Amino acid sequence: PDGTKVTDRHCCYLEIVPNERLVWTDALLPGYRPPGEPFITAVISLQPDGKGTRYTATAIHRDEATRNNHEEMGFFDGWGTVADQLAQYVKTI
């Protein structure tokens, strides 16, 4: 919201199953080096659901304090916005 750009974020993809599952983490940097403070492992799952697709996003944090920090940063609103944007995009293609 304040216009700050974050450009030094890195992640490592742990699992890619086309049209089904995407898992990534910031617990590994390029070259599989561990970072000083890993923050999240994320899982996106897509499953057929009637005429649509069930989208499930899961965030895994190292501890409750990190989870609480992520929530305070606007996690639910942010990921909800992304899900809404994805749904709108899919309707246009």
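Readers should treat all values here as calculations from the given coordinates under stated rules, not as data from a laboratory. Values in this document were obtained by computation on a predicted structure and should not be read as measured data. We place every Cβ from the backbone using ideal geometry, glycine too, and count neighbours over all the protein chains shown.
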Describe numerically, in nm with one decimal, the distance between label points set 7 Å from Cα along Cα→Cβ at T66 and at Q85.
2.4 nm
Taking the Cβ of H70 as the centre, find all other residues whose Cβ is under 12 Å away and add up their charges (Lys, Arg: +1; Asp, Glu: -1).
-4
Relative contact order for the range 10-93: what percent, with Cα pairs under 8 Å and sequence separation of 6 or more?
17 percent
Ellipsoid equivalent to the range 12-88 - semi-axes via the Cα gyration tensor, in Å:
25, 17, 9
On C-alpha positions alone, give me the angle between the axis of helix 75-92 and the longest principal axis of the chain, in degrees, nearest 10.
40 degrees
Neighbour cut-off at most 13 other Cβ (10 Å), DSSP loop, trypsin sites (Lys or Arg not before Pro), the chain:
K5, R9, K51, R62
